[in-house]
1. Any residue that is over 22 Å from residue 70 (Cβ atoms), among the aliphatic types (A, V, I, L, M) and touching a helix residue (DSSP H, G or I) at 6+ places or on another chain (Cβ under 7 Å) - is there at least one of those in region 229-239?
2. Any chance you could count how many residues in region 400-428 are in contact (Cβ under 8 Å) with a residue 12 or more places away in the chain and in contact with a helix residue (DSSP H, G or I) (Cβ under 9 Å, 6 or more places away or on another chain)?
3. For residue 170, indicate whether it is small (Gly, Ala, Ser), out of contact with any strand residue (DSSP E or B) (no Cβ under 6 Å at 6 or more places or on another chain), touching a residue at least 40 places away in the same chain (Cβ under 8 Å) and closer than 21 Å to residue 229 by Cβ.
4. Name the residue that is farthest from the chain's Cα centre (by Cα), counting only residues in region 368-399 that are under 27 Å from residue 355 (Cα atoms) and of a type in the set (A, V, I, L, M, F, W, C).
5. Run down 189, 178 and say which single residue is within 24 Å of residue 445 (Cβ to Cβ), touching a helix residue (DSSP H, G or I) at 6+ places or on another chain (Cβ under 6 Å) and not aromatic (Phe, Trp, Tyr).
6. If we scan region 111-121, do we find a residue that is in contact with a Gly (Cβ under 8 Å, 6 or more places away or on another chain), of a type in the set (Asp, Glu) and modelled with pLDDT of 95 or more?
Amino acid sequence: MEKVLKINIKTVNKLLSESVITSQALTEAALKRTEKFKNHNAFIAVTENVAKDQAVASENRFKENKILSELDGVPIAVKDNFCTKEVATTCASKMLQNFTPTYNATVVQRLLDSGAVLLGKSNLDQFAMGSGTVDSIYGPSKNVWGYQDDTNFHISGGSSGGSALAVTTGMVFGALGSDTGGSTRNPASYCGIVGLKPTYGLVSRWGLIPLVNSMDVPGILTRTVDDCVSVLNCVAGFDEKDSTSLQKSYRKIRLPPFNKMSIKGLKVGIPVEYYNEHLSSEIYEAWNEVANLLESEGATVEQVSMPYTEHSIVCYSILNQCEVASNMARYDGIEFGYRPTDPDIESTEKLFATSRSHAFNEVVRNRILTGNYFLLARNYEKHFNQALKVRRLISDDFHNVWEKVQILLTPTTLTTAPKYQDFVQKTNRDQCALQDYCTQPANMAGVPAVSVPIKLSKDGLPISLQLIGRNLSEPMLLAVAKYIESIVKFPHFINKLC
């Protein structure tokens, strides 16, 4: 049964439909895999009983020929900042350690309505503020690539590192992440899987505990592009509960097989500003190799300029911290979340301060304080308003470049997955500035982007590249991603296990 865990979702659905395997057996195999890789800390909570009940229900549907979708009976993971009914949602923070929602996030509900089996809630940086999954109160997630022992390992990326790790190791076939500045694509790159950030508004944010409302997007992590399409088709579409949801009806994506695909005439842009002084030589070589590959397959590849990219990190940092300050204000120790029991607390103000100082880590507190500083009346125009103007210029860069090309090819991250000990020596701010350099401009503009694994480095670590398209270009974006995937044939980690 373990071998089944490495195949794609459509094939699993066929095997389930033909009674070659059962939903219960598939779920049991997935649960065994979670135990096998338990020390890598992909999950905050494995929802074993929930998964088993859902597997039984799925098996009955297959017997009665009442299959809900191709995701019916398929184990999935959900990042622990998506609300899950009667299942704790902690955001990996002491503040919400005992929070159990009474409802499901829209994307979670749509997965469950499609028959997917919830295997567990995956690990993340606290409140998704990070790029390594190292700041969780439950400990860091440890990448399986290059892993030696619990003191010598590479990070899995963040903040959706737990989701990426669960997919990489075959615990699940797909997982939800969130993507504010690259938090789905970054761990996808480090773990050697596919990571999609959809167009802003294409997938509902309702029930996703907010970090930066104007940039947050539910992301999808899978091992293959086809699996990514299967999950996207399930969760995308208008949601009346989400005021930022696009009202345009969603048409399900159908990708043809590779042998019927062609990229002749495709116009591919290579943005020169994405070449950064910290870009590793191996990733630069992979970038060139794929650009040459696309050109040899009939695409037109040309350099393009996106001049405001260099200001993107600073602009993103200001807007991020301002929205964090606003969103974190709800955690006051009164309505929900952590509440201290210190008898010396004699005022509401002291209750606020004590609950936040005890339950938020240093990263969260620093972003709140910095954001409030930027939003002071004397600083608002100088910092926040100016950042909004720069964001518009960054968005215009993308708008202008689509007049020349149809798609952009860039690195996803500047390096392969860093060693944990090296990573934590830098501040959270420096980590995000370096690791999100290539990913966060897409969030600023709201455009879709996907990370695709390409090859292994000399050290045996995944190297990935990113494709970026105009708004609602997911069908073309994912088709090109599949084309590249089919040619490079990346050696997935799970193939070593089965």
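1. Let us first name the residues in region 229-239 that are over 22 Å from residue 70 (Cβ atoms), namely none.
For region 229-239, residues over 22 Å from residue 70 (Cβ atoms), among the aliphatic types (A, V, I, L, M) and touching a helix residue (DSSP H, G or I) at 6+ places or on another chain (Cβ under 7 Å): absent.
2. Summing the residues that are in contact (Cβ under 8 Å) with a residue 12 or more places away in the chain and in contact with a helix residue (DSSP H, G or I) (Cβ under 9 Å, 6 or more places away or on another chain) in region 400-428 gives 16.
3. Values: small (Gly, Ala, Ser): yes; out of contact with any strand residue (DSSP E or B) (no Cβ under 6 Å at 6 or more places or on another chain): yes; touching a residue at least 40 places away in the same chain (Cβ under 8 Å): yes; closer than 21 Å to residue 229 by Cβ: yes.
Against the criterion (small (Gly, Ala, Ser), out of contact with any strand residue (DSSP E or B) (no Cβ under 6 Å at 6 or more places or on another chain), touching a residue at least 40 places away in the same chain (Cβ under 8 Å) and closer than 21 Å to residue 229 by Cβ), residue 170 qualifies.
4. Ranking the qualifying residues of region 368-399, first place goes to 377.
5. On the way: 189 fails: touching a helix residue (DSSP H, G or I) at 6+ places or on another chain (Cβ under 6 Å).
Every option except 178 fails the conditions.
6. Within region 111-121 (the criterion being in contact with a Gly (Cβ under 8 Å, 6 or more places away or on another chain), of a type in the set (Asp, Glu) and modelled with pLDDT of 95 or more), the answer is no, since none of the residues qualifies.
Residues are listed down the side, and each one gets a yes or a no for (1) farther than 27 Å from residue 134 by Cα; (2) modelled with pLDDT of 95 or more; (3) of a type in the set (A, V, I, L, M, F, W, C):
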residue: 372; (1), (2), (3): no, yes, no
residue: 381; (1), (2), (3): yes, yes, no
residue: 387; (1), (2), (3): yes, yes, yes
residue: 391; (1), (2), (3): yes, yes, no
residue: 416; (1), (2), (3): no, yes, no
residue: 419; (1), (2), (3): no, yes, no
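The rows are residues; the columns are (1) closer than 19 Å to residue 177 by Cβ; (2) aliphatic (A, V, I, L, M).
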| position | (1), (2) |
| --- | --- |
| 426 | no, no |
| 448 | yes, no |
| 456 | no, yes |
| 463 | no, yes |
| 476 | no, yes |
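The values are calculated or read from the model by the stated rules, or taken from the named source; none is laboratory data. Values in this document were obtained by computation on a predicted structure and should not be read as measured data. We place every Cβ from the backbone using ideal geometry, glycine too, and count neighbours over all the protein chains shown.
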